[in-house]
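The values are calculated or read from the model by the stated rules, or taken from the named source; none is laboratory data. Computed from a predicted structure; not experimentally measured. So basically every Cβ, Gly included, is an ideal-geometry build from the backbone, and we count neighbours across all protein chains shown.
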Amino acid sequence: MTRSAVTARRRVLYYAHQHGAGHVHHARTLMGADAFDVTVVTAHPRAVAMLPDGADVVPLPSDLVDGHRQPASSALHWTPVGPQIQQRFGTLLAASQRVQPDVVVVDVSVEAALFLRLAGYPVIHRRMHGDRTDAAHRLLYAEVDALVAYYGAGLEDPGWLEQYGQKTVNLGTPDVTGRLSERAGTAQRLDSAAVPRIAVVTGTGGGGVRLTDLARAAQQVPAAQWEVYGPVVEPQTVATPPNLALHGWTDSVAARLAEADLVVVSAGHNASVDAVRSGRPLVLAPEVRPFDEQLRFAQAAQAQAGVPWCAWADPEADWAGAVRTALADPAAADRLAHQLLTEPAEHRRRWEELVDRVARRR
């Protein structure tokens, strides 16, 4: 069968950024769609363990170079020099030449996307929330062949959508659990004698949430039991309220969320998807990230779905009010689910249509 045959599977090279776990998880999701032959290139140290057995993974040297400071005058984000970076981009080019991808998907890196585009490969770049109107992002958006967002257009900034919407495909995230046909609610009936259980999952991309902030939230809602999963900063320096329990990391996030009456998660994409899949009322807790990514997502989720949010770092955050709002309107989690999730067949169809369209430009 020739390369041009309609039935030939497209080859996709997926660059997954090393920060946090979410970028590699998205590569795994694309593999799960079974629409393409996917090779993942990443500097994430646990990528092989996080991806399906037998996945084609090319390890990259990290781009973290001690002592590098990006010049204020630079139009890019991160351009250190030296043998490590030379090896990194040499490996990236070698992987591209070996795979000969029809399309490269970059999740996310301005520099990697521009490098691969200049090397002659069609590039699709992932769109994420945040104030990404700087010179580097504007250059990126102008040069790549297409943009993808793993959420619905309803969660997008209207100004950004007006400028770049024609170049963007909102794929959503596949609804692999059937959540879109369900309604959110608490795990138990919350009468006057019940003790609500709140499951908190902190993000892995920023080092964790301060115990001071967790304690402040738990103290505002003393009638509830707060169960915390994930990294916590300064766990030995602050007295823990009696209604706050620290469990460390768990590999059973979905089960812990399903056991709760309400969930509190960082406003990262994967955490938000886990939260809406749980079918529980939801409070988003944006953590500090570049470009105010999580803050902007939380604001969009509130505006479009009515999901309440509190920033961990805000000493004036009204946790009691947010919890009351979430419990009074569990359907807000349903509305956010419909903005984030897509039927798996439709998700695959959107990917196939996009990759085929971009690949035909070769």
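Restricting attention to region 17-34, does a residue exist that is touching a residue at least 40 places away in the same chain (Cβ under 8 Å), outside any helix (DSSP H, G or I), in contact with an Asp or Glu (Cβ under 9 Å, 6 or more places away or on another chain) and within 25 Å of Ala345 (Cβ to Cβ)?
No; the residues of region 17-34 include none that is touching a residue at least 40 places away in the same chain (Cβ under 8 Å), outside any helix (DSSP H, G or I), in contact with an Asp or Glu (Cβ under 9 Å, 6 or more places away or on another chain) and within 25 Å of Ala345 (Cβ to Cβ).
Look at Leu118 and say whether it is closer than 19 Å to Arg361 by Cβ, modelled with pLDDT of 95 or more and buried (at least 19 other Cβ atoms within 10 Å of the Cβ).
On the way: closer than 19 Å to Arg361 by Cβ: yes; modelled with pLDDT of 95 or more: yes; buried (at least 19 other Cβ atoms within 10 Å of the Cβ): no.
Taking the combined requirement at face value, the residue does not satisfy it.
To keep it simple, each residue is scored yes or no on (1) among the acidic types (Asp, Glu); (2) assigned to a helix (DSSP H, G or I).
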residue	(1), (2)
Ala113	no, yes
Ile124	no, no
Asp131	yes, no
Ala136	no, yes
Leu139	no, yes
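Given the conditions (1) surrounded by 16 or more Cβ atoms within 10 Å (Cβ to Cβ); (2) farther than 22 Å from His17 by Cα; (3) touching a Pro at 6+ places or on another chain (Cβ under 8 Å), and given that Arg361 satisfies all but one, which numbered condition is not satisfied?
The number of the failed condition is (1).
Pick out the one residue from Gly172, Gly130 that is touching a helix residue (DSSP H, G or I) at 6+ places or on another chain (Cβ under 9 Å) and within 30 Å of Asp34 (Cβ to Cβ). Working first, answer last.
On the way: Gly130 fails: within 30 Å of Asp34 (Cβ to Cβ).
None of the other options fit; the residue is Gly172.
Output the number of residues of region 198-245 satisfying the condition of being in contact (Cβ under 8 Å) with a residue 24 or more places away in the chain and either assigned by TED's automatic domain parsing to the domain that holds His25 or aliphatic (A, V, I, L, M) (or both).
Final tally of qualifying residues: 19.
Do we find a residue being in a strand (DSSP E or B) and outside the structural domain of Ala153 (by TED's automatic domain parsing) anywhere in region 285-307? Before the answer, list the steps.
Here is the first cut: in region 285-307, the residues in a strand (DSSP E or B) are none.
No, because not a single residue in region 285-307 is in a strand (DSSP E or B) and outside the structural domain of Ala153 (by TED's automatic domain parsing).
If you go through region 348-357 one residue at a time, do you hit one that is of a type outside the set (Ser, Thr, Tyr) and more than 30 Å from Met31 (Cβ to Cβ)? Even if it seems obvious, please write down each step before you answer.
Keep residues of region 348-357 that are of a type outside the set (Ser, Thr, Tyr), which gives 348-357.
Next, from what is left, pick out any that are more than 30 Å from Met31 (Cβ to Cβ): none.
Taking every residue of region 348-357 in turn, none turns out to be of a type outside the set (Ser, Thr, Tyr) and more than 30 Å from Met31 (Cβ to Cβ).
Restricting to region 332-345, and then to whatever is of a type outside the set (Gly, Ala, Ser), touching a residue at least 60 places away in the same chain (Cβ under 8 Å) and not in a strand (DSSP E or B), can you tell me which residue is surrounded by the most Cβ atoms within 10 Å (Cβ to Cβ)?
Leu336
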